[in-house]
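Here the structure is laid out as structure tokens; the discussion comes afterwards.
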Amino acid sequence: MTDALATLPHRDPARPARDQAAPAPGRRRNSARRRFASIVKHACLIAVCLLMLYPLLWMVASSIRPNDDIFTSSGLFVDTFDFDHYPTGWDALAYPFSTYLLNSFLVVLGSVVGNLISCSMAAYAFARLQFRARRLAFAAMLITIMLPIHVLIIPQYVVYAQLGWINTYLPLIVPKFLATDAFFVFLMVQFIRGIPRELDEAARIDGAGHARIYAQIMLPLMIPALATTAIFTFIWTWNDFFTQLIFITKPDLYTVPVALRSFIDAQSTSDYGGMFAMSIVSLVPVFLVFLFGQRFLLRGIATTGGK
């Protein structure tokens, strides 16, 4: 028996471990393919990102170019720097550009506050209250999302003209207190539906009504959705040009988008350099809001509709 065992081929105990540790050729090829695919994917993403950023970068470069060189060069490199567009553009219109910035801040502040109050209350009603024709009203609200502003602007103008609201900020602010932005109502409804109803039931046992549940329980839990609503309302209202152009015609009431349009005049010389410079200035508030609010924005979008 011993002689038979001695004749068997000897196996090294460490050899299986070395064979297992060494990657197979097929596995190495798969790993190389994954690395190559990852490099190609990131290269494509960087190229698309640069393509999307090109108009913004070109506008920044054009704001420091002489007027004669703005439309003669499509590149991003500046040969001759001209920073006079910023002080010149600030005082180029009938009023300093700070006037238009303050006007926009006033409209944006009223719009943000109105949407936060009205849309959150409407969302709580749709998500928690039981009333007749609730589903029909919710469906009708969602249908309004598909209506373009061009369909509504004429009847709105007629109504606001009869109320004497033209050349005031009321047409831009008052509708926000009436939960007219159905997108934000829907966003908050989906968020509230993800909050356990046991919290409502526990509050009712303690004697709390709907007003107290909404104010003390729902609102603190809805901070991500409220922050998302505030950020989007700020950006959309700040960049809104069409409705502000329709309802505001007095130069002292111009907001930033309408004021920027005043730099271009078909009957006289247009100050494109000043327009680009003030466009960069007007982008600073939007950039800061998105920079400091992106954490809440991502949380609000990620948790909306979650159970």
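Checking Cys49 against (1) hydrophobic (A, V, I, L, M, F, W, C); (2) closer than 30 Å to Asp252 by Cβ; (3) loosely packed, with under 12 Cβ neighbours inside 10 Å: exactly one of these is not met. Which one?
For Cys49, the exception is condition (2).
Select from the stretch 215-227 the residues that are touching a Ser or Thr at 6+ places or on another chain (Cβ under 8 Å) and either outside the structural domain of Val112 (by TED's automatic domain parsing) or not hydrophobic (A, V, I, L, M, F, W, C) (or both) and list them in ascending order. Explain how you work it out, then say what you get.
Filtering the stretch 215-227 for residues touching a Ser or Thr at 6+ places or on another chain (Cβ under 8 Å) gives 218-219, 222, 224-226.
Listed by number, the list holds a single entry, Pro224.
Can you tell me which residue in the stretch 95-146 is surrounded by the fewest Cβ atoms within 10 Å (Cβ to Cβ), limited to those that are assigned to a helix (DSSP H, G or I) and basic (Lys, Arg)?
Arg135
May I ask you to list pairs of residues, at least six apart or on different chains, whose Cβ atoms are under 9 Å apart, with the first in the stretch 35-53 being in the same structural domain as Gly75 (by TED's automatic domain parsing) and within 23 Å of Leu76 (Cα to Cα) and the second being of a type in the set (A, V, I, L, M, F, W, C) and in a helix (DSSP H, G or I)?
Leu50/Leu57
Scan the stretch 193-239 for residues that are of a type in the set (Asp, Glu) and touching a residue at least 24 places away in the same chain (Cβ under 8 Å) and jot them down.
Residue satisfying the conditions is Asp200 alone.
Counting only residues that are crowded, with 16+ Cβ neighbours inside 10 Å and not in a helix (DSSP H, G or I), which one in the stretch 263-289 is modelled with the lowest pLDDT?
Asp271
Of the residues Ser120, Ser111, which is touching a Lys or Arg at 6+ places or on another chain (Cβ under 6 Å) and touching a residue at least 40 places away in the same chain (Cβ under 8 Å)?
Of the residues listed, the single one that is touching a Lys or Arg at 6+ places or on another chain (Cβ under 6 Å) and touching a residue at least 40 places away in the same chain (Cβ under 8 Å) is Ser111.
The values are calculated or read from the model by the stated rules, or taken from the named source; none is laboratory data. What you see is a predicted model; the values in this text were computed from it and never measured. Cβ sites come from the backbone with ideal geometry, for glycine too, and all protein chains shown count toward neighbours.
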